[in-house]
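Undergrad: Structure incoming, see below.
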Amino acid sequence: MVIDAYVTSLGAALRGPRAAKRELLAEVRDGLHDAAAHHESAGLTAEAAARLAVDEFGSVRELAPDYQRELALLQARRTALFIAAAVAVQQVVSEITWRSAAGGWSWQPSRGYAFLAHTVDYAGYTVVALGLLAALACTIGSRYVTVGRSFARATGIAAITTCAFFVLGGMALSLLSPAWHTTATVMSPLAVTSATITAATPLWMVLSGLSCLRATELLPHR
């Protein structure tokens, strides 16, 4: 059918979160069927009414950029919220694990270690704040500022960069502290939970960041 072929073609031209894309295509399909039904009630055949509805709606080439921008912003918002939440949770888990393991230590960190630890901590606070602001910009903020391809792409790059920074910083802090030797030999439930989150979170950060980049590939450069 003409409408189904059109919706399939539009879907093939779009990239973004699956649920959002599916909902968007469903709205397009419903709108086209409503328009076709109106034309059919005016005396056109079902096929002619469907073709007229599609012609009035516009070509896939004309409409795809607008729909793609919407999906790209949804992906950027999702990525920003995920990064903010992931970093916040990671910091809480790391702090609890650190305090639990350091109960009987007499070890005093060097200036270099303390500087690195503070840098990672403050970077975490910054990432959480910026992630929330980016998510806000993708929703109500888009009414006041231009949020398009560059913004969504920057969000994806920021997600991957954030992942690299915290992976390297976390590895350095672990390897240079007594906690590395303790947790390497005694894996408490808390340590296992922390290790699982630490291992899984970077992967999801990178995948989410790459999804942002893919969602912006078809958008005009502006």
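The values are calculated or read from the model by the stated rules, or taken from the named source; none is laboratory data. For clarity, every value in this text was computed on a predicted model and none was experimentally measured. Virtual Cβ from ideal backbone geometry, glycine too; neighbours counted across all protein chains shown.
Undergrad: Which number in (1) in contact with a helix residue (DSSP H, G or I) (Cβ under 8 Å, 6 or more places away or on another chain); (2) farther than 22 Å from residue 214 by Cα; (3) of a type outside the set (D, E, K, R); (4) not assigned by TED's automatic domain parsing to the domain that holds residue 210 marks the one condition that residue 91 misses?
TA: All conditions are met except number (4).
Undergrad: For residue 66, only one of the following conditions fails: (1) without any contact (Cβ under 8 Å) to a residue 24 or more places away in the chain; (2) farther than 17 Å from residue 217 by Cβ. What is its number?
TA: Result: residue 66 fails condition (2) only.
Undergrad: Answer yes if at least one residue in the range 21-34 is under 21 Å from the mean Cα position of the chain (by Cα), of a type in the set (Gly, Ala, Ser) and under 29 Å from residue 210 (Cβ atoms), and no otherwise.
TA: Among the residues of the range 21-34, not one is under 21 Å from the mean Cα position of the chain (by Cα), of a type in the set (Gly, Ala, Ser) and under 29 Å from residue 210 (Cβ atoms), which makes the answer no.
Undergrad: Would you check which residues across the range 68-106 are among the aromatic types (Phe, Trp, Tyr), at pLDDT below 90 and either assigned to a helix (DSSP H, G or I) or on the phi > 0 side of the Ramachandran plot (or both) and list them? Can you show your working first?
TA: Restricting attention to the range 68-106, the residues satisfying the condition of being among the aromatic types (Phe, Trp, Tyr) are 82, 98, 105.
Keeping just the survivors that are at pLDDT below 90 gives 98, 105.
Hit for the range 68-106 is 98, nothing else.
Undergrad: With the condition being of a type outside the set (Phe, Trp, Tyr), at pLDDT 80 or above and not assigned by TED's automatic domain parsing to the domain that holds residue 21, I'd like the helices (runs of 4 or more DSSP H) fully within the range 107-222 carrying at least 3 qualifying residues. Before you say what the answer is, go through the steps one by one.
TA: Details: elements: 111-137, 149-175, 179-185, 189-216.
Per the criteria, 111-137, 149-175, 189-216.
Undergrad: Looking only at the range 31-55, how many residues end up being surrounded by fewer than 12 Cβ atoms within 10 Å (Cβ to Cβ), over 12 Å from residue 3 (Cβ atoms) and of a type outside the set (S, T, N, Q)?
TA: Matching residues across the range 31-55 total 2.
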